[in-house]
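In what follows, a structure is listed as structure tokens, so that the remarks can point back to it.
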Amino acid sequence: MRSNSKPQSPSQSSVNIKLILICAFFLLFLLLVFSTTSSTRQQQEPSPSSSISESHIANSTTACPSLPLTPSCTKAPPSLANALIHYATTNITPQQTFKEISVSARVLEKKAPCNFLVFGLGHDSLMWTALNHGGRTVFLEEDKAWIEQVKQKLAGLESYHVEYDTKVHQADALLETGMKEECKVVSDPRSSDCELALKGFPSEIYEIEWDLIMVDAPTGFHDDAPGRMNAIYTAGLIARNRAEGETDVFVHDVNRVVEDKFSKAFLCEGYLRKQQGLLRHFTIPSHRARSGRPFCP
């Protein structure tokens, strides 16, 4: 995610995205404060049937103004507060455009708090964590040094180092491999016979049912880069292998050959819900919940 975009120069578009992000986080904070305050007032409002002596009312009135009997939490959630500070004090904005981010944000608005798996650790990671406040957002990153660098600034992000043993120049052969019958079998990736299935992730990555998956890594802009062939296939396999329900899968940089061909082949054009700019959104249902469902509709 980080390594696939060139450094951005200060421009009007990046400033606009930065301002929109800050305003969005601030409005979310105000909404949380308002809902918490309203809830507290409703809980503390006395019922008509309660009887309090006139002397007690007089004493309490003169003693102090009306205050909540129990303290209410009106602080900004840590994920939101960190995001506000981070994006307010940096000139680096997320790699995706405002319209692309909005596609995933609308899904998060409906599903959060939820389980959100992101391939890649980048400048937008704190934003995704904040938008999924109360849920679990996990990042898989190929670059160990980059993970350590991010952790020094944003220690609260949950990230894991993962390795890929493919190269972009192998994409055509891997696409042909993915057409074999063993790659159409839905299972836990760890037990799959398909060469495209990634099996070296931490065990909990396979055991959690992910509501959203974002594929924005690994690096894929030159022939010797790992490429996203296996990541896209594995994301689709994880989505199909959930017990029930559906998973929203997003793939970024679909202007590139690998992201274009592999997302259509293994996430399926029949599951495509929307394409905005360089982002595709697929909704993949559980294949375990209904036996006999074809790999692609």
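Taking interchain pairs and intrachain pairs at least six residues apart, which have beta carbon atoms under 8 angstrom, with the first residue in the stretch 229-243 and farther than 12 Å from Val185 by Cα and of a type outside the set (Asp, Glu) and the second open to solvent by 10 Å² or more (accessible area, probe 1.4 Å) and at pLDDT below 95?
Pairs found: Arg242/Arg288; Ala243/Arg288; Ala243/Ala289.
List the pairs whose first member sits in the stretch 194-220 and is more than 17 Å from Gln95 (Cβ to Cβ) and aliphatic (A, V, I, L, M), whose second member is open to solvent by 20 Å² or more (accessible area, probe 1.4 Å) and at pLDDT 95 or above, and whose Cβ atoms are under 6 Å apart, counting only residues at least 6 apart or on separate chains?
Cβ pairs passing all conditions: Ile208/Asn115.
Within the stretch 221-242, which residues are surrounded by fewer than 24 Cβ atoms within 10 Å (Cβ to Cβ) and within 23 Å of Gln276 (Cβ to Cβ)?
Within the stretch 221-242, Phe221 is the sole residue that qualifies.
Does any residue in the stretch 159-183 that is without any contact (Cβ under 8 Å) to a residue 40 or more places away in the chain come within less than 7 Å, Cβ to Cβ, of a residue that is open to solvent by 80 Å² or more (accessible area, probe 1.4 Å) six or more places away or on a different chain, and which pairs are these?
That search, which allows pairs on different chains as well, returns His161/Lys144; Thr177/Glu195; Glu182/Asp193.
With open to solvent by 10 Å² or more (accessible area, probe 1.4 Å) and under 18 Å from the mean Cα position of the chain (by Cα) as the only criterion, which of Lys274, Lys261 stands out?
Lys274
So, in the stretch 109-145, how many residues would count as being under 22 Å from Pro226 (Cα atoms) and either among the charged types (D, E, K, R) or open to solvent by 30 Å² or more (accessible area, probe 1.4 Å) (or both)?
Qualifying residue count for the region: 7.
Restricting attention to the stretch 243-258, report how many residues are out of contact with any strand residue (DSSP E or B) (no Cβ under 8 Å at 6 or more places or on another chain) and surrounded by fewer than 20 Cβ atoms within 10 Å (Cβ to Cβ).
5
Which members of the stretch 175-199 meet the condition of being of a type outside the set (Val, Ile, Thr) and open to solvent by 70 Å² or more (accessible area, probe 1.4 Å)?
Result: Glu176, Met179, Lys180, Glu181, Glu182, Arg190, Ser191, Asp193, Glu195, Lys199.
Considering only residues that are among the aliphatic types (A, V, I, L, M) and under 18 Å from Met214 (Cβ atoms), which ones fall in the stretch 242-275?
Across the stretch 242-275, the qualifying residues are Val249, Val251, Val254, Val258, Leu267, Leu272.
Output the number of residues of the stretch 258-297 satisfying the condition of being in contact (Cβ under 8 Å) with a residue 12 or more places away in the chain, of a type outside the set (D, E, K, R) and within 24 Å of Glu182 (Cβ to Cβ).
18
The values are calculated or read from the model by the stated rules, or taken from the named source; none is laboratory data. Quick caveat: nothing in here was measured; it's all calculated off a predicted structure. FYI the Cβ positions are ideal-geometry reconstructions off the backbone, even for glycines, and counts take in every protein chain you see. The protein model used for the area step is the full one, side chains on, heavy atoms only, and it has no ligands, DNA or RNA in it. Shrake-Rupley method; radii C 1.70, N 1.55, O 1.52, S 1.80 Å.
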